[in-house]
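Structure record follows, encoded as structure tokens.
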Amino acid sequence: MIKFAASGLAHGHIFDMTRRLQEAGAKLVACWDEDPANLAAFARAYPDADTARMTEDLLADRTIDLIVSASIHDERAALGIRAMQHDKDFLCTKPGFTTLEQLAEVRRVQAETGRRYIVYFGERFGNPATVRASELVHSGAIGRVVHTAGFGPHRLFGRVERPAWVFQRARYGGILNDLASHQIDQFLHFTGSQNAEIVASTIANHHHSQFAEFEDYGELLLRGEAATGFIRVDWLSPAGLNTWGDVRLFLLGVEGYIEVRKTWDVQGRAGTDHLFLVDGKGERYIDAAHTPLPFMRDFLDDLRDRTERAVTQSHVLAVSELALRAQMQAQWLHRDAASTH
């Protein structure tokens, strides 16, 4: 049995990753965060986890196989490096990095140790409709995918209180590096591209000038070996929206297309995970909410067998590098105007 510890509990994604690991058969043995409030919240959800051991103790414990983290974005790479150097694998929520220097160091240590540094792209790995779309694409339902369009809107205020670091550029890493990493992952996955180039990228602060370092809008264009993609992410979802964001994915194949409405259906269908397929036979609606999610089961098998069924290390690092480069190359849109309103 794979035993894991959760270290770095700053983001709510840690709850979902922990739950899914447990459902797949892994055992949570301990947790730690320097913020007492974060630690207390996690301990309430998982009362059997040992809360008395700090990160150094968890790394030194040879019975722990995996460190799972949702620490503040700029702290993840350093923790993952330490985990690998202590002969442990590492799983964190996105983004896995905030600088290219961090990425280069993780690449070096990962190659030296042979341990895994995996970023959990939950919008694909943990979303039933996206998994169903993947099954359809890989069965040839729409032919070769030549274009993807991904939309990742979010609500900034309302149901979740955002900590101060979310508005500090060096800590959260920028909107494209953070939110758009999901859509970059999906572009490479669905088009079969091993890598891609950032054709253009744009960021802006349209509506939150009280946060000088914050970006509430981002978009980018991708070009792979034989496909292109467009991505738009933002923090502009209105308060009246029924969910935290109307997340969409469009896949254009040479023989059809798929639309995935991940979080809700604007036409009124209840629930989440709505999929629309159009091919040579007609139009079809698929309720994908009950599609099994194989990622965590495959991931645990990979840790035991040292295989790469769930996701390859090269894919994770390629997605992360593209997200970082999109962020670095991005042009500010009306930056001066945004900062004065």
Just to be sure before I move on: is residue 318 touching a residue at least 60 places away in the same chain (Cβ under 8 Å) and in the same structural domain as residue 206 (by TED's automatic domain parsing) in the structure I sent? no
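Residues 237, 209: which one is in contact with a Gly (Cβ under 6 Å, 6 or more places away or on another chain), farther than 27 Å from residue 253 by Cβ and either of a type in the set (Phe, Trp, Tyr) or modelled with pLDDT under 95 (or both)? Don't jump to the end; show me each part of the working.
Numbers: 209 fails: in contact with a Gly (Cβ under 6 Å, 6 or more places away or on another chain).
Only one candidate passes the filter, namely 237.
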Whether any residue in region 297-306 is aromatic (Phe, Trp, Tyr) and either assigned to a helix (DSSP H, G or I) or out of contact with any strand residue (DSSP E or B) (no Cβ under 9 Å at 6 or more places or on another chain) (or both) is what I want to check. yes
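Do we have residue 106 as assigned by TED's automatic domain parsing to the domain that holds residue 283 and in contact with a helix residue (DSSP H, G or I) (Cβ under 9 Å, 6 or more places away or on another chain) here? I'd like the intermediate steps shown before the answer.
Values: assigned by TED's automatic domain parsing to the domain that holds residue 283: no; in contact with a helix residue (DSSP H, G or I) (Cβ under 9 Å, 6 or more places away or on another chain): yes.
No.
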Restricting attention to region 101-145, and to residues there that are surrounded by fewer than 17 Cβ atoms within 10 Å (Cβ to Cβ) and aliphatic (A, V, I, L, M), which single residue is farthest from residue 196 (Cα to Cα)? 111
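Select, from 119, 109, 131, the only residue that is in contact with a Pro (Cβ under 9 Å, 6 or more places away or on another chain), touching a residue at least 12 places away in the same chain (Cβ under 8 Å), among the hydrophobic types (A, V, I, L, M, F, W, C) and part of a helix (DSSP H, G or I). Walk me through it before giving the result.
Working: 119 fails: part of a helix (DSSP H, G or I); 109 fails: in contact with a Pro (Cβ under 9 Å, 6 or more places away or on another chain).
The conditions single out 131.
Listed residues 283, 255; which is free of Cβ contacts under 8 Å to residues at least 12 places away in the same chain, over 20 Å from the mean Cα position of the chain (by Cα) and farther than 14 Å from residue 151 by Cβ?
The conditions single out 283.
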Yes or no: residue 155 surrounded by fewer than 19 Cβ atoms within 10 Å (Cβ to Cβ), part of a loop (DSSP other than H, G, I, E, B) and without any contact (Cβ under 8 Å) to a residue 24 or more places away in the chain? no
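Every residue in region 67-90 that is of a type in the set (A, V, I, L, M) and either surrounded by fewer than 24 Cβ atoms within 10 Å (Cβ to Cβ) or assigned by TED's automatic domain parsing to the domain that holds residue 169 (or both), please. Outline the logic, then answer.
First, the residues of region 67-90 that are of a type in the set (A, V, I, L, M): 67-68, 70, 72, 77-79, 81, 83-84.
Within region 67-90, 72, 78, 79, 81, 84 qualify.
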Going through region 298-313 in order, the residues found to be of a type in the set (D, E, K, R) and surrounded by fewer than 18 Cβ atoms within 10 Å (Cβ to Cβ) are 298, 301, 304, 305, 306, 308, 309
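For residue 55, state whether it is without any contact (Cβ under 8 Å) to a residue 24 or more places away in the chain and touching a strand residue (DSSP E or B) at 6+ places or on another chain (Cβ under 7 Å).
Details: without any contact (Cβ under 8 Å) to a residue 24 or more places away in the chain: no; touching a strand residue (DSSP E or B) at 6+ places or on another chain (Cβ under 7 Å): yes.
Against the criterion (without any contact (Cβ under 8 Å) to a residue 24 or more places away in the chain and touching a strand residue (DSSP E or B) at 6+ places or on another chain (Cβ under 7 Å)), residue 55 does not qualify.
The values are calculated or read from the model by the stated rules, or taken from the named source; none is laboratory data. This one's a predicted model, so the numbers in the text were calculated from it and none came from an experiment. Note that we place each Cβ from the backbone using ideal geometry, even for glycine, and neighbour counts take in every protein chain shown.
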